[in-house]
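Rule-based calculations on the coordinates, nothing more; no lab input. All values derive from a computational prediction rather than experimental measurement. We place every Cβ from the backbone using ideal geometry, glycine too, and count neighbours over all the protein chains shown.
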Amino acid sequence: MTFLRDLRIAARSLARARGLSLTVIATLALGIGANAAIFSVVRGVLLKPLVNRDESRLIYIRQSAQGIGTENAKLLGPRARRPARAD
């Protein structure tokens, strides 16, 4: 019975302070909505596997550099170049 009594007291207190009640409800609504939106994006981008419609067109690029003892060397594109050595 104490829980129901506490619930009634809380409802009366919130009814007296309407501005506070509206602020609390709006804050909760925005927080829950933002949380749901972020997790939907994370699920769609990171957790859900990608769909490859034409798997025969996928390629794997591999480079061997036997002279330096590297079997699978990383290929660097124009945006990811190694910095020049300062000798």
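Tabulated results
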| read-out | value |
| --- | --- |
| Phi to ³J(HN,Hα) by Karplus 6.51 cos²θ - 1.76 cosθ + 1.60 over region 7-23, Hz, x for Gly, Pro | 5, 5, 5, 5, 5, 5, 5, 5, 5, 6, 9, 5, x, 5, 4, 5, 5 |
| Distance histogram for region 1-42 (every C-alpha pair counted, 10 angstrom bins, percent rounded to whole numbers) | 26, 30, 28, 16, 1 |
| Label point distance in nm, Phe3-Arg53, each placed 7 Å from Cα along Cα→Cβ | 5.2 |
| Added length on full extension, which subtracts the Cα-Cα distance from 0.36 nm per residue, Ala17 to Ala34 | 3.5 nm |
